[in-house]
Amino acid sequence: ALFSLVCFVSVDYNNTDDYAYALYIASFATWLGGAYGVCCILRLYYRQISLKLIINYLIFVCVFQCAIALVIDLVEPIRLWVDTYISNATVAGNDALKEINRLYGIGVALDPAGVRFSIVLVGLSALVARDQEIRKNKKYIFFYVVAFFIISVVGNMIARTTIVGMVMGGMYMLYSIHFFRGEIKKEVINVWSMVLVATGIIVIVAIWFYNNDAYMYRLFRFGFEGFFNWIETGVWTTASTTKLNTTMWIWPEDTKTWIIGSGNFQGTDIGYCRFILYSGLCGLIVFSLFFVYNAIACMHKFPHYRLFFFMLLLLSFIIWIKVATDLFLIYALFYCIDNPQTERI
């Protein structure tokens, strides 16, 4: 409410008609109401709803979206059906996504998709690192690792923002075994043996497709453009990062805009620039504190997953370097989970 108020004052003071952030409280209520409805439906079937249950459903949805994105791109009748009934509103439409040669799922495309994939990759890593039931079952570990790579690889082909969650998820698992401190406990050796087996199989399959299939070769080159450029030229860069660094860093030119903003975005996608240009440092600080509070509240509610929520907070601030986005959609689900103390860790 306070963020919406600051944005409304900016719009009113600057006499503009862009109420996108001034109406943020409506988006907040939509996410919270949707999360509450989802949890009510799940509660009809499950005795209780846990963080693990929510993340497992999110993993399934992301894997499905990755699979359907490939099917949509390869099977014309399915693509026509999806384009007829479902539009990716993040751009002009599905036709625009085809023109720029991007994969898309059912309402899943571009940076919003990459942000959601990143959230789930970090959550998946948290389950593998913290849940004893998963760590004791090699089959579970194998399936989780396969899901991690499916979301990472195909997710990057849909939106390269997914790379942030891929890196953070990998770091989470390394930290959980005290890799950086030179300590590897015996209890996690079995886990990492399965991780290495699954990783080896997936890498071999990926290399084969890259070398023998022109379609997959194109997708790999796009999804991991930065890594290919780094290997071939010594510089990590992509077309999108070049555009961001040359045209998107737009800052206020007067004190008033720095403080209260100008009431519009002034043609930039970068999160920090958009928040400051729209509502000044006042809006940016309030919005940032909102996510700091979300992270702290969830750390208290789920003490065994403190690192997960700390990484979600970092994810918000990292993603804002590239695009303005809102991670409250995931916090809304966690707020609606009950009895977290009974979860088995």
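Fraction of C-alpha pairs exceeding 37 angstrom in the chain: 22 percent, rounded to a whole number.
About its Cα centre, the dipole of the chain is roughly 1360 debye, where the only charges are +1 on Lys and Arg Cβ and -1 on Asp and Glu Cβ. Spin-label model, His300/Tyr19: points 7 Å from Cα along the beta carbon direction are separated by 3.4 nm. Peptide packing: for 67-75, 199-207, 151-159, the average count of neighbouring Cβ atoms within 10 Å per residue gives the ranking 151-159, 67-75, 199-207, highest mean first. For the chain, the Cys residues with no second cysteine's beta carbon closer than 4.7 Å are Cys7, Cys40, Cys62, Cys66, Cys273, Cys282, Cys298. Rolling a 1.4 Å probe over the heavy atoms of the protein chains gives the chain an accessible area of 51 Å² per residue. Element breakdown for the stretch 120-166 at a 1.4 angstrom probe: carbon and sulfur atoms account for 63% of the accessible area. Can you pull the percent of the stretch 216-345's accessible area that's carbon plus sulfur, 1.4 Å probe, other chains left in place? Exposed carbon and sulfur together represent 66 percent of the surface. The simple Förster model, with R0 at 25 Å and r as the Cβ-Cβ distance, assigns Phe228 and Ile150 a FRET efficiency of 0.80. For a test of the definition: using alpha carbon positions, the gyration tensor, and the 1.5 limit on a/c, classify the stretch 1-158 as rounded, prolate or oblate. Cα axes put the stretch 1-158 in the oblate bin. Structural descriptor for the chain: relative contact order 22 percent, calculated from alpha carbon pairs under 8 angstrom and at least 6 residues apart. Net length available on complete extension from Lys139 to Thr199 is 20.2 nm, with 0.36 nm assigned per residue and the Cα-Cα distance removed.
Helical runs assigned H by DSSP (4 residues or longer) give the chain a calculated mean residue ellipticity at 222 nm of -23000 deg cm²/dmol, each run adding -39500 (n - 2.57) before division by the residue total. Here the spin labels are modelled as points 7 Å beyond Cα on the Cα-Cβ line, and at Ile321 and Cys40 they lie 4.1 nm apart.
Rounded, prolate or oblate, given the Cα gyration tensor of the stretch 250-345, with a/c below 1.5 counting as rounded? Note, shape of the stretch 250-345 comes out prolate. Computed from the C-beta positions of Ile259 and Ile207 and an R0 of 45 Å, the FRET efficiency is 0.25 to the nearest 0.05.
The values are calculated or read from the model by the stated rules, or taken from the named source; none is laboratory data. What you see is a predicted model, and the numbers here were worked out from it, not measured in a lab. Please note: Cβ atoms are built from the backbone with ideal geometry, for glycine as well, and neighbour counts cover all protein chains shown. Accessible surface is based on the protein model in full, side chains and every heavy atom, while ligands, DNA and RNA are left aside. Shrake-Rupley method; radii C 1.70, N 1.55, O 1.52, S 1.80 Å.
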